[in-house]
1. Please state the relative contact order of the range 4-58 as a whole percent: Cα pairs under 8 Å, 6+ residues apart?
2. Return the distance in nm (one decimal) between the two label points of a simple spin-label model at GLN68 and HIS56, each offset 7 Å from Cα along Cα→Cβ.
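Computed from the coordinates by the stated procedures, all read-outs in this text should not be read as laboratory data. Treat the numbers as computed from the prediction; the structure is a model and nothing was measured. Here the Cβ positions follow ideal geometry from the backbone for every residue, glycine too, while neighbour counts run over all protein chains shown.
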Amino acid sequence: MKFILAMILCSSVTGTCMPPVPMPGMYNDAYDCMMDGYVKAIEKIEEIGREQLNEHGLYIRFGCNPYQEQEKGLPSKFDIVS
C-alpha cells in the first residue's frame, strides 16, 4: 500500500487550520511517510520564520493517508475543486 503525505498549517491565535495540502510524491509505507513528514514540517517552520510563527501562533499538522486509486472520472479527496 502506498501513502500520501498531507500537511496542514494551523494558528493557535485564531484557532483555525488551512485545508490539507497533499505533498508531491508517494511513500511505500507509513514509516517513510511519517519520517518525511517530520522533516518537511521542520523545513516549513524554518521557511515561515521565528517572527511569523510566534506572532500568529503557527504550527504544522500532518498525516499519512493510504492511497487508493480512483476510478476514472471520480475525484479523490485531495482534488481541488474550483
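1. Details: 52 pairs, mean separation 22.5, N = 55.
Relative contact order here is 41 percent.
2. In this crude label model, GLN68 to HIS56 measures out at 3.4 nm.
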